[in-house]
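The values are calculated or read from the model by the stated rules, or taken from the named source; none is laboratory data. These figures come from a predicted structure and were not determined experimentally. Don't worry about glycine lacking a Cβ; one is built from the backbone with ideal geometry, like all the others, and counts go over all protein chains shown. Note: accessible area is taken over every heavy atom of the protein model, side chains too, but ligands, DNA and RNA are not part of it. Shrake-Rupley method; radii C 1.70, N 1.55, O 1.52, S 1.80 Å.
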Amino acid sequence: MLVVRSPLSASMIERKTYYFDNNATTRVAPEVLDAMIPFLRDFWGNPSSAYTFGAQVAKRVEEAREKVAALIGADPREIVFTSCGTESNNAVLQSALATQPGKRHILTTAVEHSAIINHCHWLQKQGVDVTFLPVDADGLLDVHLLDQSIRPDTALVSVMWANNETGVVFPIEEIAAICRSRNVLFHTDATQTPGKLKIDATGVGADFLTLSAHKLHAPKGIGLLYVRRRTKFQPYLMGGHQERGKRGGTENVAGIVAFGRAAELALARTDDENTRVRALRDRLEETLLRAIPNTLRNGAKEPRLPNTTNIAFDFTEAEGILMKLDELGICASSGSACTTGSLNPSHVLTAMGVKHARAKGCVRFSLGCDNTAEEVDYLLAHIPGVIARLREAAPDKPPGAHPAKHPASHAPVYARSV
Ligand code: PLP
């Protein structure tokens, strides 16, 4: 259980937080915080400076590079530090087009993170042809269709390693092999993968791979792009010669050092995530599906991240569920976004063919190494009552349910899952 001190209150109100939204972001681990603080307080030199005060910082940047490279089975020279997963994803799309001027087609999927999807929509407006591959009802890709969709002018195939909303894992090794045999560059957005699945970028044969540090217990504002050796790369941020000329901008030293420490911890934690966290997730999912009628899991049971479950609570609206859970100190997220007052279902669930009526009642719970059995018990003790009360007040009811006793309240605005 987390005890969160409100930064908005002079009296620092302490509130118990039951955090089940680790795919959105994660708590900075104490070891990670300890590792980065000296680089904010004492060793704040510029790593590009030639004098010792800068050079000693540059050395620690290189040590961190070795650690993140070890996490993903890469050579340290293949690591480019960026500001976030979004920058890495944008950079690779731009680079693939810039280094292959004759190729104007991107092949990706309909369920990528908005850091790929929205950049592709922008590219379409610039005249780039983009194919968004469909998924089936379980959120799985047809690899044969992917193979068939590669064209002579395909500049890049970009397929996420694991989906942030459902946890469904794509066959990255198989896709990379297809791309290699077709001589097409392959990128995978592995932002949700580290610490949960073993990553071997070299073994898989990806040309590019994205990670974001805040998903693995390091701070926000630091990410990386793996660029396979001898792969042509056009920098997205052009400026100084940092990152071996692949990304301009003075390095976020404290963030990089934190990323390195978090990578070490993630590597050591992968087994725990696959045993203890998986068991917690499975108990949560099985109990919810058994105890609450008219519920189902979105996405294939396997292959799936060990920490993620996405549940449809029919005859409810996720916004209402999340608001009630928030009152209980529970953090989870919905796959839906409400921007200008009209509720848009998640693009991932829509691509899986989930109908609007069901998609608006879906909630993602994503666990992490900090979660305990007691926290899962707390969640399970409260959700059935929350759902029952919301259903009682909802205009649409499960068959055989009694008419509404209370008018439905207006649901608040919640952001799309990240
Ligand atoms: N890709 C995936 C799959 C994600 O889940 C996220 C997180 O929101 C991102 C990319 C973007 O990462 P960042 O928040 O570091 O920009």
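Residue pairs whose Cβ atoms lie under 6 Å apart, sitting 6 or more positions apart in sequence or on different chains, and linking a residue in the stretch 87-100 that is closer than 17 Å to Ala206 by Cα to a partner that is of a type in the set (Val, Ile, Thr) and within 16 Å of the ligand (Cβ to nearest atom), are Ser88/Thr82; Ser88/Thr210; Asn89/Ile116; Asn89/Thr210. Taking the residues in the stretch 126-137 that are of a type outside the set (A, V, I, L, M, F, W, C) and in contact with a strand residue (DSSP E or B) (Cβ under 7 Å, 6 or more places away or on another chain) as candidates, determine which candidate is farthest from the ligand (Cβ to nearest atom). Looking at residues that are of a type outside the set (A, V, I, L, M, F, W, C) and in contact with a strand residue (DSSP E or B) (Cβ under 7 Å, 6 or more places away or on another chain), I get Asp129. Please determine whether any residue of the stretch 126-148 is β-branched (Val, Ile, Thr), in contact (Cβ under 8 Å) with a residue 12 or more places away in the chain, in a helix (DSSP H, G or I) and touching a Leu at 6+ places or on another chain (Cβ under 9 Å). Within the stretch 126-148, not a single residue is β-branched (Val, Ile, Thr), in contact (Cβ under 8 Å) with a residue 12 or more places away in the chain, in a helix (DSSP H, G or I) and touching a Leu at 6+ places or on another chain (Cβ under 9 Å).
Does at least one position in the stretch 187-203 carry a residue that is within 11 Å of the ligand (Cβ to nearest atom), open to solvent by 20 Å² or more (accessible area, probe 1.4 Å) and not in a loop (DSSP other than H, G, I, E, B)? Looking for residues that are within 11 Å of the ligand (Cβ to nearest atom), open to solvent by 20 Å² or more (accessible area, probe 1.4 Å) and not in a loop (DSSP other than H, G, I, E, B), one finds none in the stretch 187-203, hence no.
Scoring Glu317 on the criteria (1) farther than 16 Å from His217 by Cβ; (2) open to solvent by less than 50 Å² (accessible area, probe 1.4 Å); (3) not polar (S, T, N, Q) leaves a single failure, condition (2). State whether the residues of the stretch 66-86 include one that is more than 16 Å from the ligand (Cβ to nearest atom), at pLDDT 95 or above, over 21 Å from Ala218 (Cβ atoms) and open to solvent by less than 10 Å² (accessible area, probe 1.4 Å). No, every residue in the stretch 66-86 fails to be more than 16 Å from the ligand (Cβ to nearest atom), at pLDDT 95 or above, over 21 Å from Ala218 (Cβ atoms) and open to solvent by less than 10 Å² (accessible area, probe 1.4 Å).
So in the stretch 198-224, with the set limited to residues that are under 14 Å from Ala70 (Cα atoms) and of a type in the set (D, E, K, R), which one is modelled with the lowest pLDDT? Going through the qualifying residues, I end up with Lys198.
Residues in the stretch 62-89 that are within 12 Å of Phe208 (Cβ to Cβ) and assigned to a helix (DSSP H, G or I): 3 in all. Scan the stretch 276-294 residue by residue and report those that are of a type in the set (Val, Ile, Thr) and crowded, with 22+ Cβ neighbours inside 10 Å. The answer is Val277, and nothing else.
Of the residues making up the stretch 214-253, just one is surrounded by fewer than 21 Cβ atoms within 10 Å (Cβ to Cβ), of a type in the set (A, V, I, L, M) and either within 16 Å of the ligand (Cβ to nearest atom) or closer than 22 Å to Val57 by Cβ (or both), namely Leu237. Screening Ala373 with (1) in contact with a helix residue (DSSP H, G or I) (Cβ under 7 Å, 6 or more places away or on another chain); (2) over 30 Å from Ala137 (Cβ atoms); (3) loosely packed, with under 14 Cβ neighbours inside 10 Å; (4) at pLDDT below 95 gives one miss only, at (4).
Within the stretch 37-59, the set of residues being surrounded by 12 or more Cβ atoms within 10 Å (Cβ to Cβ) and assigned to a loop (DSSP other than H, G, I, E, B) comprises Ile37, Phe43, Trp44, Gly45, Asn46, Pro47, Ser48, Ser49. Reported count of residues in the stretch 115-125, each being away from the ligand (no atom under 15 Å from the Cβ) and either open to solvent by 20 Å² or more (accessible area, probe 1.4 Å) or in a strand (DSSP E or B) (or both), is 4. Given the residues Ile311, Ile387, which is the only one that is out of contact with any Asp or Glu (no Cβ under 9 Å at 6 or more places or on another chain), crowded, with 20+ Cβ neighbours inside 10 Å and at pLDDT 95 or above? Selected residue: Ile387, the only one of Ile311, Ile387 that is out of contact with any Asp or Glu (no Cβ under 9 Å at 6 or more places or on another chain), crowded, with 20+ Cβ neighbours inside 10 Å and at pLDDT 95 or above.
Condition (residue is among the small types (Gly, Ala, Ser), surrounded by fewer than 17 Cβ atoms within 10 Å (Cβ to Cβ) and either closer than 21 Å to Glu165 by Cα or in contact with a strand residue (DSSP E or B) (Cβ under 8 Å, 6 or more places away or on another chain) (or both)) applied to the stretch 266-275: is it met by at least one residue? No: the stretch 266-275 contains no residue that is among the small types (Gly, Ala, Ser), surrounded by fewer than 17 Cβ atoms within 10 Å (Cβ to Cβ) and either closer than 21 Å to Glu165 by Cα or in contact with a strand residue (DSSP E or B) (Cβ under 8 Å, 6 or more places away or on another chain) (or both). If you go through the stretch 91-114 and keep only what is surrounded by fewer than 21 Cβ atoms within 10 Å (Cβ to Cβ) and within 11 Å of the ligand (Cβ to nearest atom), you end up with just Ser114. Scanning the stretch 351-368 for residues that are closer than 18 Å to Asn294 by Cα, open to solvent by less than 10 Å² (accessible area, probe 1.4 Å) and of a type outside the set (Phe, Trp, Tyr) returns Ala359, Gly361, Cys362, Val363, Arg364.
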